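Okay, structure first, notes after.
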Amino acid sequence: MQPIVIQTENLPQECSEWLAKRCDVHMCPAASLRFKELLPQAQGLVIRTYTTVDREMVELAPNLKVVGRAGAGVDNIDLQACSEHGITVVHTPEANSESVVEFVLTTMLARLRSLQTLTISLSQEEWNALRDVSMTQKEFSETTLGIIGFGRIGSRLGKAATSMGFHVVFHDLLDISKTHGCKQVELGQLLTESDVISIHVDGRKE
């Protein structure tokens with residue numbers, strides 16, 4: 001008999017198909033009545049960003065063996081409660097790292113050059129005025145990017161940004177040896193010096 005697994009959020013098709021071949025998968029949001037009915041029987045729980053696995057949920061799942069987080073952060077999972085109940089927590093620390101870096105860079109570049117504003121329907125005079133302002137802003141080599149959190153995503157963003165000519169500073173709780181040409185500074189200095197700040201930390205108190 002296949003183990004019962006609850007999937008609360010969508011996964012890429014190939015992942016869902018792989019799981020369905022091995023488990024009795026039930027797709028239902030955590031807020032649904034069906035989820036509450038299935039939880040006591042479930043041996044596996046697959047979540048993403050918008051499902052919180054708290055102590056209350058854990059205590060309602062006596063047969064739960066594994067919580068799988070399809071993503072890097074696990075701050076939406078009560079790790080202590082899972083540990084106390086013998087539940088293994090797994091995640092995908094490299095998931096979407098490159099996609100996040102690409103999104104951050106795209107958004108940052110669009111903002112630095114006011115591209116979103118320029119796509120709004122404007123008169124020719126307004127467009128010319130805004131274009132002149134955006135074209136006379138700082139070049140990449142004159143722009144400081146501050147990164148808070150220099151883990152998997154933050155360090156990749158720093159590496160990509162320095163290759164484009166940005167001056168990059170970062171703050172992290174750990175002393176980082178591999179900096180990719182970026183400079184580690186105190187948080188106050190980063191906040192003072194940066195033209196753009198990108199935050200890549202999870203929800204932990206520290």
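We did not get these values from a lab; they are worked out from the coordinates using the rules stated. The model shown is predicted, which means the values in this text are computed figures rather than measured ones. In this analysis, Cβ positions are derived from the backbone assuming ideal geometry, glycine residues included, and neighbour counts consider all displayed protein chains.
The calculated pair-distance distribution of the chain uses every alpha carbon pair, bins of 5 angstrom beginning at 0, and gives 1, 7, 12, 14, 12, 10, 10, 10, 9, 7, 4, 2, 1, 0, 0 percent.
Once the C-beta distance of R34 and S99 is scaled by a Förster radius of 22 Å, the resulting FRET efficiency is 0.10 to the nearest 0.05.
Each peptide in 62-69, 155-162 receives the mean, over its residues, of other Cβ atoms within 10 Å, and ordering these scores from highest gives 155-162, 62-69. The C-alpha atoms of the chain define a longest principal axis, and helix 124-135 lies at about 80 degrees to it. Rounded to the nearest 10 degrees, the angle from helix 13-22 to the longest Cα principal axis of the chain is 20 degrees. The C-alpha atoms of the chain define a longest principal axis, and helix 97-112 lies at about 30 degrees to it.
When you filter the GluC sites (Glu not before Pro) in segment 7-72 for DSSP loop state and at most 16 other Cβ atoms inside 10 Å of their Cβ, you are left with E9. Remark: the chain carries a charge dipole of roughly 400 debye about the Cα centre, counting +1 on each Lys and Arg Cβ and -1 on each Asp and Glu Cβ. Where both bridge residues fall in the chain, DSSP classifies roughly 0% of the beta bridges as antiparallel. Dividing the summed -39500 (n - 2.57) terms of all DSSP H runs of n ≥ 4 by the residue count of the chain sets its mean residue ellipticity at 222 nm at -10500 deg cm²/dmol.
This model, with +1 at the C-beta of Lys and Arg and -1 at the C-beta of Asp and Glu, gives segment 13-127 a dipole about its Cα centre of some 220 debye. Could you list log10 I(q)/I(0) for segment 4-91 at q = 0.17, 0.22 Å⁻¹, which the Debye formula gives when each Cα is one point scatterer? At q = 0.17, 0.22 Å⁻¹ the computed log10 ratios are -0.62, -1.09. Take the Cα of L173, go 7 Å toward its beta carbon, and the backbone nitrogen atoms of segment 51-87 under 14 Å from that spot belong to 74-75. Say R0 is 35 Å: what FRET efficiency, to the nearest 0.05, do R48 and D195 get from their beta-carbon distance? Here the calculated transfer efficiency is 0.60.
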